[in-house]
Amino acid sequence: MAVIRFGGGGGGASVNVAANSVLVSNAAGTGINAASTSNTEIGYLVGATSNIQAQINTKIAAPTIVSTTWSADQTVSVGTAWANAAQIGSISLSVTATGNPILLSFFGSTSSGSSGSLMVGYQLDSATPQNVTVITSSAQITQGCFLVWLTGVSAGAHTIKLFGNKTNNNVTVYGNAGAWGTNGNTPKFEACVF
């Protein structure tokens, strides 16, 4: 602990200063006080070129979440590369800066119909549809889901569609009013823009 005196002629005042402390002027500008901020903490500011809180705020901004659900059951027909995409799920969103990541998620259920698998994926604007997951229709009600990170998407408005591709036999994608949905399960296609 050091004691610093200020003021002339043997008068003035003093302040006790702990080790590694920072001194600041008081509110009146007539003296100094020991701040609660340490010299080490002040050192963290070295190299800062702009408002630190503003930088933090841009990093932790809450994502924009856009989602869609479907109430009616949807039929995906055999051999259709793009089957009922808009009815199964379609999201319109806006990206504020090129490269902002987008997290896509799907959770839903299909009927067994018959043997075979339903391929589920997405289409960004008019790009080639991307298969993401396969739901095998081997049970009466089969659940499926996927999570996909999209990066490098340009700034501006976009449409992302959920699609299904069936190689053999039709399959039903349940809505929230269907047999699966009536049990309290809600299908959803969702995008989070960061």
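The values are calculated or read from the model by the stated rules, or taken from the named source; none is laboratory data. These figures come from a predicted structure and were not determined experimentally. We place every Cβ from the backbone using ideal geometry, glycine too, and count neighbours over all the protein chains shown.
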Report task. Name the residue, out of 126, 154, 115, 105, that is at pLDDT below 90, closer than 23 Å to residue 193 by Cβ and surrounded by fewer than 18 Cβ atoms within 10 Å (Cβ to Cβ). Result -> 126
Report task. Out of the residues in region 45-68 that are surrounded by 11 or more Cβ atoms within 10 Å (Cβ to Cβ) and over 30 Å from residue 189 (Cβ atoms), state the one that is farthest from the chain's Cα centre (by Cα). Result -> 52
